[in-house]
Every structure is written in C-alpha cells, then in structure tokens.
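Enquirer: Dropping a structure here in structure tokens format, bear with me for questions.
Laboratory data are not the source of any read-out in this text; all were calculated from the coordinates shown. All figures in this text were calculated on a predicted structure; none of them were measured in a lab. Cβ: placed from backbone, ideal geometry, glycine included. Neighbour counts: every protein chain shown.
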Amino acid sequence: TEEHITAFGWAASQELDELVPMALRTNDFLSGLFLGIGLRLVDVRLEFGRLWEGEQMRIVLADEISPDNCRLWDLKTNEKMDKDRFTGDLGNVEEAYQEVARRLGILPESGPTDMQGPEVMQ
C-alpha cells in the first residue's frame, strides 16, 4: 500500500503522486499493446527509480518489460506465454518467449538469428 511505501521510506508521498499515475498509464499502454497481439496482460511488476540530473530528480521506469516480469496469456487458449512456463515446469519457455517477440514484430518469422557477429576471414 502507499502507507507501507512511505512508512518504510521507499518513496515520499510527493514521489507517489508522480509514480502512481505513471504506473497506471504504463499498465494501460501495455494492456492495449498485448491485447492487440492476442495476449492478455494478467499482471506486471514495474520497478521505478530516481534519476538525478544535477539538482533535479525525476522518477523513471527502471526495468525492462518482458515475459520475465509480466504474466501473459494467449487470449484464445489461455496458454501461458511467460516465466510461469518455467516456474510451473510447463516447458517450451524459449518457444513461448520467441512467440511473444514474433507477435510484437521484433523477431523475424524465420526465428532468431545467430548473434555471434560477423565471421572473421583470415
């Protein structure tokens, strides 16, 4: 709760005034993004941090957005497409992550490519 956050000193109430709307906007954006590719965003863990620029501080989203910190289920089948495949011993974790990346358009239809870099000729 917000009371716990301020009581433990994790954030000041003024920071929460900025952080809470940012978290809600992020959740709304991600829900729509994943809905558009046939996935339900069941929940997401967001981590925020403080970014200092001289004397000015601002709250920023400080972690990646990935199937490691989201629970994503296929809209038609309710198949889990996230880290629950690993923690629940459901198997095919890599394939599920690749399917999420493919649906997002960040992985070619042919699958991942060799990330070793160019071949050095001698």
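Enquirer: What FRET efficiency comes out for Arg102 versus Thr1 if R0 is 35 angstrom and r is the Cβ-Cβ distance? Round to the nearest 0.05.
Expert: Efficiency at R0 = 35 Å is approximately 0.35.
Enquirer: Distance in nm between label sites at Met22 and Met57, each 7 Å beyond Cα in the beta-carbon direction?
Expert: Between Met22 and Met57, the label points sit 1.2 nm apart.
Enquirer: Per residue, how big is the convex hull of segment 2-104 when only Cα atoms are used? Give it in Å³.
Expert: 126 Å³
Enquirer: Taking the Cβ of each residue in Met81, Met57 as the centre, tally the other Cβ atoms inside 10 Å and list the residues starting with the fewest.
Expert: Met57, Met81
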